[in-house]
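Below you'll find the structure, written out as structure tokens, and then a few comments.
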Amino acid sequence: ALPIYKASILFLFVLFIACGEKKADLTGNTPLKINDFNKAFKLASLPLTISDSNLFKFVDTIQIGRKALVQFIPDSIVEQIISSTDKKAILHPILKIEKEEEYYLLLHVQHLSQQDIAVVVFSKKNKYLGFKVVAEFNEEHKNSRLYGKTLTINKEPTFLVTENKMGEDNAASYEKKGWAYSVRYQQI
């Protein structure tokens, strides 16, 4: 048996470790510091490709409350990312992209029949700069040989969405769309 003083020291050590860094409450029900919010996002290694079949490889299990976003992003923008009327939609952090003058947070918006990826841009001083829903993956097309959508993010970063689909007339089509944030124009 351990002497009482050794057991006390062991107990205090375990208590100290258990009371260490608390996880931030990402529900938004309590005030949240943006640096704590940003810690929920893993740092991205670019370039990378996200598709409907590998999306969940990037998505964290942590859930972010709509109220948490409203603390850092204007209400009207949050409404475009995740509507207040869509009670079943769930937000998850994906990745963080660091650049010299700004950083990008990628959010996964999980709807019943669709998976969206939204990008929110902040200055290095944590000022909101812009956003864009860059990709929408429709669940009914997942793993279809007639359909495919891919989001590729390069080092700039530029967000390039490529899509293959079969039309109603059985004609195949291929489409590319790209987006990039410009500090000069402050839009995405």
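Just to be sure, is D60 of a type in the set (D, E), modelled with pLDDT under 85, in contact with a strand residue (DSSP E or B) (Cβ under 6 Å, 6 or more places away or on another chain) and closer than 13 Å to K96 by Cβ?
yes
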If you scan segment 25-65, which residues turn out to be open to solvent by 20 Å² or more (accessible area, probe 1.4 Å), assigned to a helix (DSSP H, G or I) and of a type outside the set (K, R)?
I34, N35, D36, F56, F58
Could you tell me which numbered condition I117 fails, if it satisfies all but one of (1) more than 24 Å from Y181 (Cβ to Cβ); (2) touching a His at 6+ places or on another chain (Cβ under 8 Å); (3) among the hydrophobic types (A, V, I, L, M, F, W, C)?
(1)
Can you tell me which residues in segment 66-93 are without any contact (Cβ under 8 Å) to a residue 24 or more places away in the chain, loosely packed, with under 12 Cβ neighbours inside 10 Å and part of a loop (DSSP other than H, G, I, E, B)?
S84, T85, K87
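Among the residues of segment 94-113, write down those that are surrounded by 14 or more Cβ atoms within 10 Å (Cβ to Cβ), of a type outside the set (S, T, Y) and either assigned to a strand (DSSP E or B) or in contact with a Cys (Cβ under 8 Å, 6 or more places away or on another chain) (or both).
I94, L95, K96, I97, E102, L105, L106, L107, H108, V109, Q110 - these are the residues of segment 94-113 that are surrounded by 14 or more Cβ atoms within 10 Å (Cβ to Cβ), of a type outside the set (S, T, Y) and either assigned to a strand (DSSP E or B) or in contact with a Cys (Cβ under 8 Å, 6 or more places away or on another chain) (or both).
Given the criterion open to solvent by 60 Å² or more (accessible area, probe 1.4 Å), at pLDDT 75 or above, more than 19 Å from K57 (Cα to Cα) and within 20 Å of the chain's Cα centre (by Cα), identify the matching residue among E156, E168, E175, E139.
Checking each option against the conditions leaves just E156.
The values are calculated or read from the model by the stated rules, or taken from the named source; none is laboratory data. All figures in this text were calculated on a predicted structure; none of them were measured in a lab. No Cβ is skipped: glycine too gets one built from the backbone with ideal geometry, and neighbour counts run over all protein chains shown. All accessible areas refer to the heavy atoms of the entire protein, side chains included, with ligands and DNA or RNA removed. Shrake-Rupley method; radii C 1.70, N 1.55, O 1.52, S 1.80 Å.
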